[in-house]
Every structure is written in structure tokens, then in C-alpha cells.
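The values are calculated or read from the model by the stated rules, or taken from the named source; none is laboratory data. From a predicted model like this one, the values you see are computed outputs, not experimental measurements. Here the Cβ is made from the backbone with ideal geometry for all residues, glycine too, and neighbour counts use every protein chain on show. When the accessible area is computed, the model is the full protein with side chains, heavy atoms only, and any ligands, DNA or RNA have been set aside. Shrake-Rupley method; radii C 1.70, N 1.55, O 1.52, S 1.80 Å.
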There are 2 protein chains.
Amino acid sequence: MVETQPWVSPFDAQEGRPNMEGDFLREEVRLANRNSGILLEALRHDVTPTGLHYLLNHFDVPYVPSATDWTLSITGRVRRPLKLSMADIQAQPHKTMRVTLECAGNGRANIGMRRQSMPWMYEAVGTSEWTGTPLRPFLEEAGLESDAIDVSFLGIDRGFDKVFHEYGRSLAPQLALSDDVMLVWGMNGQPLLPQHGFPLRMVVPGWYGMASVKWLDRIEVLDSPYQGHQQVGSYVYKESADDPGVPVTHIRVKSLMVPPGIPDWYTRHRLVAPGATEVFGRAWSGNGVSIKRVEFGVDGAWQDAELDPASDKYAWRGWRAKWHAAEGEHEIACRATDENGDTQPLDERWDRSGFGNNMVHKIRVTVRA
Amino acid sequence: MVETQPWVSPFDAQEGRPNMEGDFLREEVRLANRNSGILLEALRHDVTPTGLHYLLNHFDVPYVPSATDWTLSITGRVRRPLKLSMADIQAQPHKTMRVTLECAGNGRANIGMRRQSMPWMYEAVGTSEWTGTPLRPFLEEAGLESDAIDVSFLGIDRGFDKVFHEYGRSLAPQLALSDDVMLVWGMNGQPLLPQHGFPLRMVVPGWYGMASVKWLDRIEVLDSPYQGHQQVGSYVYKESADDPGVPVTHIRVKSLMVPPGIPDWYTRHRLVAPGATEVFGRAWSGNGVSIKRVEFGVDGAWQDAELDPASDKYAWRGWRAKWHAAEGEHEIACRATDENGDTQPLDERWDRSGFGNNMVHKIRVTVRA
């Protein structure tokens, strides 16, 4: 069978290309058609309407008609290997958390030298109510051996990305055992949708979405660092191809706006009526760090926005700014700062895979009566 | 206010461009990121998982926090103008219909000279369970005048597409009064999602999706043909810019396959293990015409596929074909024929806006042990 062999993909992607108008490849558009995200106007909703939460699925969405036979195994460097049914998992205390997740590649298509991958502009973020149970008691029941130094999580989705693999990620034991890492079966009060990981997935709040493994099939506790492609070959910040790099982990501070006015269908350019208006948006950061400040900018002049009351620890926060729109062409922008003092950069943050690009959101608008 | 003036958009799209690799514009990718659709592997589901039903929203999705104050007016050439609340509408007998909807622009990005618009490849189709009530009793209560020759339907979504307008479409009175045209408030057993038209939309089964107006605000009965841009300026089959054209109406016969094997992440190229396999897909046609035959092709040699039992009148039908996959490179394809004798063309069907492209679905696969 194909899945047991160490295939190297004959279908390799090109390296970075200059990001110019008219330069998107068919492969990128195909990925854009497969992977969808939020509409900026849907930032109005505290909880992203189901179906507008972003999706970044590397391989095919598995067809799982029923959860009845689903099992999760916990093996490797544990004292008592476990094989859990969905009933076993759902017998634990239920917990619902409102969590903002973002794809590490969000904003990739807005940087000057774009790697061929999913061409996200801003869409890869969403906030959902996730229902599940903490992972910790299961790991404690299995009992990590003293030489356990990594915990890997594997889904059943599989295919090529350079090499054949099942999608997998790992967490250090200390994080895997934290209270907020969850096994999840529900989203916005409904069972998980197939494309969001039915019947079982991880949610690792505060981290970019790659850590929240879907269609979770097995947990393997390791005495050496997990070497899966999505851990060591993909989600790594790198300056250049030969840079050993730094792993992608928590979400960087960011904010987005609901575009004011009305759009042109094709270009999405905005027309705004002159006069008093209010611009609304959301801001968030990673690791549960809260938002301290949001600024709203018009043509490079910044003012403080008003923050809505804080929501859940891992959920975005609303903000609003008054704007007296004067006739003409304007560039509006927003910039968030978190309690750690981290602020969004005005310009792109170079990464060769386009990860972690949290530069400020800018929108060009025409104000006209 | 901007919406009362006859704006002409200063943000016009370019005309058709040759459809080559590397030739997609940023505007097209932006639309691909906004408008999402089905994943081919999700064709397995009789009812498309919520969130994978395609979306083609011309303007911003309106923010409607509650249905409480929503009204639908019926005015114009009627004897008794009506203003209906959601409670009035939902007091009528409920009806749930399983309907396959497809965007008229589906397949646009697969033809040789591509108009700049949403670059659909195959994704713009889905089947949902729509809950609502027939439109007919409301039109009968309002009472069409004898000079009524067109019934227009307007949503609250608005913006530019050449000219400023609210999204609107019309139907001939005979069709508007047919039993199957519905006012809909539910989808897959839940309230409509914002992006699917909450709180109220049309479903016009058997027609391409442009007829199923979302965020339905008012119905105006006219004594002359409705002249809205989406009726006369957009959804029209045309050979060339000066062709008066033919309006886009019902869905053309079509079929799609679940790609066998496993994908390469970036190119989506497929690797299939040699030997016996079964290929599954869906086929559908418009106007309630049922599917008579589906053929499965390998490298140009066709065999009849087996049809699953027919589903609801307006819903797609499953089909499956046995394939003994031999090592090598292959092109597999599927082709449906409906009870009218209409068959999918092997090659593209020229239309300058890329509407109604129902050419056969082809997938290149590598078969290797």
C-alpha cells in the first residue's frame, strides 16, 4: 500500500515568486477555492458564523459517516496504553471555550516575495465555541514515562507534501498537560462538521491553527523530538532555505477592520459617504495575552480606538473608532498592541513561507457624496 | 446618500484574458478567498455539510443580528400590497426540500479565454435541505393585476457592479406562482446562516443560483420587464460583447467525481494504488429533469456507471463505477445525460462570461504501487 512507503512527492511546489499583480498560479487559485475563510464584514459577529470559520486542510477531508467506531489511541512512552471510544471521551466533564484561531499563513499573499501555497490575504481567522474536554486527564491516566519529551498527535488525513505523511503535530509534555488543551467534538453547539475534524479534534488555544490537529486518531508519546513534516519541515519561520529556523507556535498580535461603506463587486474597492462614521474591528493575540490598545489610522495619522469589554481569555476583542470621513481618497488602517507590549508592524514581516505576517490591516477607500 | 444616486462604477473589471498558468489576477484571488464552495471529496455526503455549500455573494454579507424586525413587502402591480413579518411568513405550512444549487459561473476558470470574475473550477455546487414555505399563497393574497408581466425580488445587499444597485432578479409570473418556488428561512435543520441569506431568502429549484435571492427585502410586481443589472447586464449567455444574448436560467446537466487516491497538498495531483477501485460521484440537471445515464471514462474509453436510487426531484444523484487501475498516468472523466437527452460536452462551451460551462470533469491521476 502506498501509505507504508517513504514516498517523495514528484509534484513539488516552486519556491518564492515576486508578488505582482497577475502573478498568481492556477495551483494557488485551486487552493484558494478549497480553503475558505472569514469575510471581513463577518467580524461583526462575536462568534464567527459556522461556515465562515477559516479552513486550511492540507489533504482531503476524510469521509467519516459516523462516530460510532471512532477510537483514539494513546501509545508510546506511557505506562498504560489507552484506546478510547468517543463514548469514553464524552463521559468526561464537558467544557465549552470561545477561542480565536488563526492560520499561520494568514497574510501570506500580502508580502513582496510570495511562496506558493494558500494565498491568504486576511481571511484565515475565526472565533468559535468549541465543546470538548481537557486532554490532561487522559494523559495522566496513560501515565507518561520519565523519558517522555514530546507528545505527537496524528490525524487520519494523509497525502504528499514533499514526502508522504499523515498530518501530525506535537506539543511538549508541559503544554500537552495544560488545562486549556482540549479534545473537541462540538462547534457552536453542533457536532463538528466534517471539514472541521468530525468526530474528534484538538484545540490548542493561543497557538496558530496548525497545532489543533483534526480527525485525531492517535497520540504517541515519544522519547525524542517528533520529526513529522508538519512539525519540522513546514511550520518553521525561516529567513532563507538554509536557515535552521524557529518553530511557529503562538499567534502574534493582530487586528482587522470591517470595511466601511459599500463595495465594488470585482475589485472590492470601497465607497464611503462623507461625514461621521464608526469603524468596527477585532483584535487578538496569542497565548491568552490580552489586547491593551488598538489604534485607528487615517492617512498615517493615528488615534486610539475604544475597546469593547474583554471576552474570553482566548477570544478576540471588539474595538471601534469614530471617523469623520472627508471627501477624497484615503487609506485607513488599524494596529493592535497586547499586554506584552507587542505591536503590529506597519510593513510586512519577512518569512520565506509567509508565516506569522501580522502587519497592520490597511484599506483604501473613496469618500464621495 | 450614495444609494439614491445613479452611480457608475469607476472600478471596472477587465474583459476576458487568455487563461494561462500564472495568469490569475489579485482581484480574482481575492474573490476566490471570499467565495467558497464544495470540496470534491465532500460529494460523498448526500447533503453537503453546512459550510461547504458554495457561496457566491456579490456584495457584503449584510449584518442582521435578529429576524425580529425583518419584513418582506409585496408591492407594485398588485391589488393588495402586503408587508409581512417573519412571523407572518412562518405561520404558513412548512416544507423542506432537498435541492442542488449551482452557480452559473461554475467552471469559468477552466475555459480558454477567462473573464475576470470569481475563478470557479468545479466548486460552486451543493445540496441542502431548505425549509420554508411556497411563495405562491402570498402572491395570490396580494393579487397580481392583469398587466403584471414580471415579478422582481430584491435583497438588501448592495454595491457596484458597473452601476450601483441592490442585488435583484425577476421571474415570470407563471414561474413565481409555481409550487416549488420557496421563501426559505432554514438550511439543514438550522436557521439560515448570515452568508446564506438570514433571515429570509428565495430558493428557485432547478435554476442556477442567481435566481435564489438572499436577504429578501421586497417583491415588486411589474408591468414591464425588470431591468436590474443582475437580470439584464450580468447573467446573460453571450458570444461576444455586442451579442444581445440569452438569459441564464436553468441548470445544465453535469457530473463530478470524488478524486480517487491521495493528493499532493500543493498541486492536488492524485496518486492511486493499482488494482480494483470504485469511483463515486454525483450528477444533476436543471428544471427537475432527472439523470438517465452517467458514463465513466478512462483515457477516452467510456463505460456506463451504476446509478444510485433517485433522490428528491431537484437533488443530485449518486453514481459509481468500477475501475481496475493499471500502473501509469491516466485521465479519468465522467459524463452525465439527462432524461431530455442533454449530455455534457467533452470540451468547453464558449460563453464570454464563463456561464453554464458543463464540460465533462476530468482528473489526471498517477497509478503506482
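Efficiency by 1/(1 + (r/R0)^6): what FRET value for B:ARG293 and B:GLU327, r their Cβ-Cβ distance, R0 = 25 Å, to the nearest 0.05? Calculated value: 0.25.
For A:ASP23, nonlocal amide neighbours, meaning residues 5 or more places apart or on other chains whose placed amide H falls under 5 Å from its own, are B:ARG26. Averaged over the residues of peptide B:157-168, the number of Cβ atoms from other protein chains lying within 10 Å of each residue's Cβ is 3. Here the contact order of chain A, divided by its residue count and restricted to Cα pairs under 8 Å and six or more residues apart, works out to 18 percent. Peptide B:267-280 has a mean of 3 when you count, residue by residue, the C-beta atoms of other protein chains within 10 Å of its C-beta. Interface between chains A and B: roughly 7400 Å² of accessible area buried, both sides summed (probe 1.4 Å, protein heavy atoms only). Computed over protein heavy atoms with a 1.4 angstrom probe, the accessible surface ordering of A:GLU348, A:GLU339, largest first, is A:GLU339, A:GLU348. Near B:SER311, once Lys and Arg are set to +1 and Asp and Glu to -1 for all other residues with Cβ below 9 Å from its Cβ, the sum equals 0.
When only the Cβ of Lys, Arg, Asp and Glu is charged (+1, +1, -1, -1), the dipole of chain B relative to its Cα centre reaches about 440 debye. Between copies, A:LYS95 shows label-point distances of 4.9 nm, shortest first, with the point placed 7 angstrom from Cα along Cα to C-beta. Which Cα, out of A:SER85, A:GLY297, B:SER290, lies furthest along the positive dipole direction of the protein assembly as shown (beta carbon charges, K/R +1, D/E -1)? The listed residue farthest towards the positive side: A:SER85. Taking Cβ atoms as reference points and 12 Å as the exclusive limit, the residues near A:GLY209 contribute a net charge of +2, counting Lys and Arg as +1 and Asp and Glu as -1. Considering only A:ALA333, A:LEU307, A:VAL253, and ranking their Cα positions along the charge dipole of region A:244-369 that arises from unit charges at the beta-carbon of Lys, Arg, Asp and Glu, the one farthest toward the positive end is A:VAL253. Highest GNM mean-square fluctuation among A:GLY168, A:GLY341, A:GLY209, for chain A modelled with Cα contacts below 10 Å: A:GLY341. Take the alpha carbon gyration tensor of region B:116-186, find the square roots of its eigenvalues, order them as a ≥ b ≥ c, and report rounded if a/c is under 1.5; if not, report prolate when a/b exceeds b/c, else oblate. It is oblate, given that a/c is not under 1.5 and a/b is not larger than b/c. Got a number for carbon plus sulfur as a percent of the protein assembly as shown's accessible area, 1.4 Å probe? After summing per-atom areas, the C and S share lands at 50 percent. Once you reduce region B:292-369 and region B:268-282 to the center of their Cα atoms, the two points are 14 Å from each other. Scanning residues 5 or more positions from A:LYS292 or on other chains, those with amide H under 5 Å from its amide H are A:THR337, A:ASP338, A:GLU339, with H placed 1.01 Å from N in the peptide plane. For region A:34-51, the Karplus equation 6.51 cos²θ - 1.76 cosθ + 1.60, evaluated at θ = phi - 60°, returns couplings of 7, 9, 10, x, 6, 9, 4, 5, 7, 4, 4, 7, 4, 10, 4, x, 3, x Hz by residue, with Gly and Pro reported as x.
Note: relative contact order over region A:130-214, using C-alpha pairs below 8 Å and six or more positions apart, is 32 percent. Separation of region B:49-81 and region A:192-222, taken as the distance between their Cα centroids, equals 35 angstrom.
About its Cα centre, the dipole of region B:254-366 is roughly 260 debye, where the only charges are +1 on Lys and Arg Cβ and -1 on Asp and Glu Cβ. Plainly put, the tip 7 Å out from Cα toward Cβ on A:PRO191 is 2.4 nm from that tip on each other copy, the closest given first. In the structure shown, do any of A:LYS238/A:LYS362; B:LYS214/B:LYS313; B:LYS162/B:LYS238; B:LYS162/B:LYS254 have a Cα-Cα gap over 19 Å, and if so which? Table pairs above 19 Å Cα-Cα are A:LYS238/A:LYS362; B:LYS214/B:LYS313; B:LYS162/B:LYS254. Residue by residue along B:118-128, Cβ atoms of other protein chains within 10 Å of the local Cβ number 2 on average. Take the protein assembly as shown with all the other protein chains still there, run a 1.4 Å probe, and you get 36 Å² of accessible area per residue.
Relative to the Cα centre, the charge distribution of region B:126-226, modelled as +1 at Lys and Arg Cβ and -1 at Asp and Glu Cβ, gives a dipole magnitude of about 440 debye. Distances between equivalent label points of A:GLU339 across the copies, with each point positioned 7 Å along Cα→Cβ, amount to 6.5 nm, shortest listed first.
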